[in-house]
Amino acid sequence: MEMDAIVLAGGKGTRLQAVIRDVPKPMADINGKPFLHYLLSHLCRSGIRRVILAVGYKHEIISNFFGSSFQGCELHYCVEDRPLGTGGAIRLALDLVASKQVLILNGDTLFNVDIQAMMQRHCEKGADLTLALKPMTDFERYGTVLECDGRVTGFVEKKYCASGLINAGIYVMRKDLLLSWPAGTGFSFEGDFLEKKAAELSFQAFVADNYFIDIGVPEDYLKACKDFERMLD
């Protein structure tokens, strides 16, 4: 199944500045290669052939490094001239998306999920949006996602949780869902869209207990450096 992908790669990585150079967060060095290299490799192995990189902070570093293609995959760049939040970045990038359904990924997380299976499930269910969810225990860094019979029913703010499902930062979505927002409008995809629309739209859950890493804080960035030594790029 073919589908364009948007990767949110505009983050500055403020909390990581103690351990990385002054580069966009997805360009954080992991064993000699930027984190984004591993994420794009995962997309290429999953059959994605066209990626729109939603970039902002020091975007030239990303475009100069990757250029217009990566491992046979076309790369296109959507540049924010000011921070628009996750929702605004996605909305702006949608104008470059050719497919009716779009895969969306956070540029600072890697979830080793079966993307083709996720896209297939999304289409079979006729969902408006499908979220990849990761089971987790003993955590407080993430909010939890409420799920019932395969449908996402709500979201709970960050707090300590003995066990639950977290949003792993991968979505499959109907392209037209966000087109009512004018391009250039700033908003949060999570707070202004997902949380507010879960009750009225068909949000499906794709649960997988696969490898997950979020490099947003120094301790997990360092964990990624160790983990990726044992992984193929």
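The values are calculated or read from the model by the stated rules, or taken from the named source; none is laboratory data. On a predicted model such as this, the values are computed, not experimentally measured, just so you know. Virtual Cβ from ideal backbone geometry, glycine too; neighbours counted across all protein chains shown.
A single member of F203, F212 is buried (at least 16 other Cβ atoms within 10 Å of the Cβ) and closer than 25 Å to L92 by Cβ, and it is F203. Scanning segment 1-44 for residues that are small (G, A, S) and more than 16 Å from F70 (Cα to Cα) returns G10, G11, G13, A18, A28, G32. Within the option set K175, K159, being basic (K, R) and either modelled with pLDDT of 95 or more or surrounded by 14 or more Cβ atoms within 10 Å (Cβ to Cβ) (or both) holds for one residue only, K175. Just to be sure, is Y57 over 30 Å from E200 (Cβ atoms), at pLDDT below 95 and hydroxyl-bearing (S, T, Y)? So Y57 fits the description; yes. For segment 70-84, the criterion of being in a helix (DSSP H, G or I) and modelled with pLDDT of 95 or more is met by none of the residues. If you go through segment 1-40 and keep only what is touching a strand residue (DSSP E or B) at 6+ places or on another chain (Cβ under 9 Å), part of a loop (DSSP other than H, G, I, E, B) and small (G, A, S), you end up with A9, G10, G11, A28. Might you check whether a residue that is of a type in the set (V, I, T), at pLDDT 95 or above and crowded, with 20+ Cβ neighbours inside 10 Å occurs anywhere in segment 25-36? No, every residue in segment 25-36 fails to be of a type in the set (V, I, T), at pLDDT 95 or above and crowded, with 20+ Cβ neighbours inside 10 Å.
All of (1) without any contact (Cβ under 8 Å) to a residue 60 or more places away in the chain; (2) under 19 Å from the mean Cα position of the chain (by Cα) hold for S163 with one exception: (2). Identify the residue in segment 73-131 that is among the charged types (D, E, K, R) and surrounded by 22 or more Cβ atoms within 10 Å (Cβ to Cβ) and, among all such residues, is farthest from L146 (Cα to Cα). This residue is R91.
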